[in-house]
1. Compute the FRET efficiency between K3 and S242 as 1/(1 + (r/R0)^6), taking r as their Cβ-Cβ distance and R0 = 41 Å, and round to the nearest 0.05.
2. On a C-alpha basis, how far is the centre of region 527-555 from the centre of region 560-576 in Å? Whole number, if you could?
3. If I stretch the segment between R116 and D431 completely, what's the gain in nm (0.36 nm per residue apart, minus their alpha carbon distance), one decimal?
4. Sort H103, H379 by Cβ crowding within 10 Å, fewest neighbours at the top.
5. Can you tell me the relative contact order of the chain? Whole percent, Cα pairs under 8 Å, sequence separation 6 or more.
6. Ranked by Cβ crowding within 10 angstrom, fewest neighbours first, how are V110, V383 ordered?
7. Taking region 584-626, which GluC sites (Glu not before Pro) meet the DSSP loop condition and have no more than 11 other C-beta atoms within 10 Å?
8. What angle, in degrees between 0 and 90 and rounded to the nearest 10, separates the Cα long axis of helix 410-423 from the longest principal axis of the Cα atoms of the chain?
Amino acid sequence: MTKPFFNIYSHDFARVAVGIPKCRIADPAYNAAETIALAKNAAGSGVALMVFPELGLSTYTCDDLFHQSTLLEACKESLASIVEASKSIPMALVVGLPLRVQHLLFNCAVVVASGRIQGVVPKSYLPNYGEFYEARQFVPADCASVSEIDLLGQTVPFGPSLLFEVANFPLLKFHVEICEDVWVPIPPSSFAALAGATVLVNLSASNIVVGKSGYRHQLVSQQSARCLSAYLYTSAGKGESSTDLAWDGQALIYENGEKLAESERFSDESHLICADVDLERLSRERMRMTTFGQSARRHRDEVAKFRTVSFALELPLDKVMPLQRHVERFPYVPSDATRRDERCAEVYNIQVQALVQRLSASGISKVVIGISGGLDSTHALLVCAKAMDRLGLPRTNILGVTMPGFATSDRTLLQARQLMEVVGCSASEIDIRPSCLQMLKDLGHPYAAGEEKYDITFENVQAGERTNHLFRLANFQNGIVIGTGDLSELALGWCTYGVGDHMSHYNVNASVPKTLITHLVRWVAETGQIGGQGSDVLINILDTDISPELVPGKGGDRPGQKTEEFIGPYELQDFHLYYTLRFGFTPGKVAFLAYSAWGDKEKGRWPEGPHVARNEYTLAAIKRNLGIFLYRFFKTSQFKRSCIPNAPKVGSGGSLSPRGDWRAPSDSEATVWMEDLKRIPEQISHDRGIQE
């Protein structure tokens with residue numbers, strides 16, 4: 001059966017939930033009913049796994065009531081009601097209760113699915129400090145001498161080293177630990193992740209004190225990041241005893257260090273949170289980070305202790321299930337203004353530091369840079385200016401050159417002149433038209449005879465002449481040529497190879513995507529780093545159409561070509577680049593994510609500020625532009641990336657350096673990616689869900 005395109009499970013996402021039911025102390029029947037009600041609520045959303053608080057059927061604050069047989073039996077009866085209810089709830093449920101095994105009492109988590117108990121996990125570490133006295137009532141997991149127990153007429157696996165795998169969706173393999181287990185130096189879930197668990201589940205009670213909520217965030221975030229996993233955390237809420245403690249009912253879902261969902265705290269009602277976790281992303285991260293496998297080998301004895309319990313779930317694999325998870329439209333640019341400013345400052349400083357090091361190491365004190373009046377050269381000039389400041393050198397050591405050609409607009413030429421003036425660099429102007437015309441004559445090109453033939457040779461003669469002048473000027477002035485091309489252009493091969501904008505002595509922009517450069521320039525303008533007049537110049541540059549200005553337009557102020565008309569919108573192509581380069585996703589999954597982010601401009605978050613154009617794209621437009629990206633990236637442009645100049649990597653989104661993040665053959669085919677692209681549907685119906 002063909003997987004439906006608009007279903008999260010088709011793209012290896014799993015919808016998971018954390019429930020915080022209201023509870024009554026020592027009232028298992030009531031607590032089970034609240035648990036079942038929350039589970040039924042989540043089931044309608046296509047949830048595959050749901051976790052509830054520690055000792056949720058009895059409540060955590062029963063103290064010595066845990067030694068009352070009546071309560072223990074009532075807990076088993078309430079568990080039986082959950083098992084029965086699970087026959088019509090198509091998900092795995094993880095609930096907490098006290099269980100007596102071989103005359104010992106364990107604090108347990110029970111996994112229930114499809115009308116059966118799939119396994120029982122006892123708590124490994126019992127806190128007996130501060131307000132906690134668990135060792136008074138319970139024993140830890142390693143006191144058990146059995147690996148199976150009889151429970152409600154079933155013989156079920158028992159122990160802390162159990163992995164639960166969904167047979168018909170095997171990427172969903174989860175492990176269960178309980179509260180304190182994640183607070184110890186080496187949590188059981190660490191070994192579980194090495195053994196293959198992609199989702200780590202924690203049933204907590206966890207009373208609240210000042211500052212503890214933030215610490216939970218840190219704890220869960222770091223554990224999910226170290227283990228390259230999703231982490232589901234729950235804690236007890238309304239109804240636990242306030243004799244000496246208070247409870248906030250905090251629920252968290254993290255994935256590889258990133259928060260996906262958080263509950264309201266101190267709620268008086270039962271509540272739940274859901275999130276779509278990307279299991280393929282976690283799997284690929286483990287494959288990419290080879291030290292994960294090395295760690296598993298080093299701890300092979302612990303890993304070998306795990307047993308896998310496999311069961312099937314009636315997942316909604318054949319239905320329309322759009323992604324509920326927020327997908328950033330600009331993966332390289334935070335939508336939050338504060339975080340975006342922090343990102344811009346850090347990227348800027350990385351670029352400056354790298355250039356300072358290169359100049360210091362080479363003993364060269366001058367740089368040569370071509371200034372077009374466009375975005376990339378503008379930002380590179382700003383980096384050069386700050387580098388000179390750091391080195392204690394005058395900005396006049398920056399030799400800025402603007403080189404008007406056959407298609408240079410009046411606007412960009414003026415902007416180039418103004419920019420060099422406000423930055424304070426040495427400014428010069430070289431008209432490349434005479435030398436270009438001579439080369440075209442030497443080649444016998446029709447343009448030299450007066451014919452308006454604007455082919456690739458016509459364009460590259462101009463690009464080559466500019467670079468040729470820059471290198472000879474650098475020789476003459478004992479400087480180095482600073483490259484300005486960005487990551488987006490490298491990915492698409494949008495540069496002139498060799499003697500062209502492809503080449504420089506050092507490139508400060510090569511791992512900065514176009515969408516981020518836009519915000520970097522705006523950040524410099526808004527923070528007034530080159531003065532008020534300079535900020536005005538930068539804003540004008542930001543408002544200019546992106547164009548190589550190699551083909552003449554009609555009139556002096558409009559370019560004859562616009563880059564995005566040839567290679568697609570940078571905002572989309574940067575999105576495609578990020579998920580292809582950083583995670584290696586299939587074209588189908590990239591398109592699914594792109595549509596989730598860009599399909600409706602009224603949904604999701606946008607970078608703050610009135611300057612952001614709020615576009616949306618149909619699936620057909622996404623597919624078309626993704627095709628352009630894939631063909632250019634995999635088929636036609638790797639030879640350019642195989643010999644690019646040195647440049648600093650600035651972000652985890654990767655770089656395309658052949659010495660670093662991207663080592664690929666220059667003569668590969670794009671066939672498999674283009675074939676996968678064909679399987680993407682052209683459109684969906686008006687309800688944004690049904691495949692046509």
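1. Numbers: r = 50 Å, r/R0 = 1.21.
Here the calculated transfer efficiency is 0.25.
2. What the calculation gives is 18 Å, centre to centre.
3. Working: separation 315, 0.36 × 315 = 113.40 nm, distance 8.04 nm.
Extra length from R116 to D431 when fully extended: 105.4 nm.
4. On the way: H103 5, H379 26.
Going from sparsest to densest Cβ surroundings: H103, H379.
5. Details: 1430 pairs, mean separation 79.2, N = 692.
With pairs under 8 Å counted, the relative contact order is 11 percent.
6. Details: V110 24, V383 28.
If I rank by nearby Cβ atoms, fewest first, I get V110, V383.
7. Here the sparse-neighbourhood loop sites are E602.
8. Once rounded, one gets 70 degrees.
FYI, it's all coordinate maths here, none of it is from the lab. Every value quoted in this text rests on a predicted model; they were computed, and no experiment measured them. We place every Cβ from the backbone using ideal geometry, glycine too, and count neighbours over all the protein chains shown.
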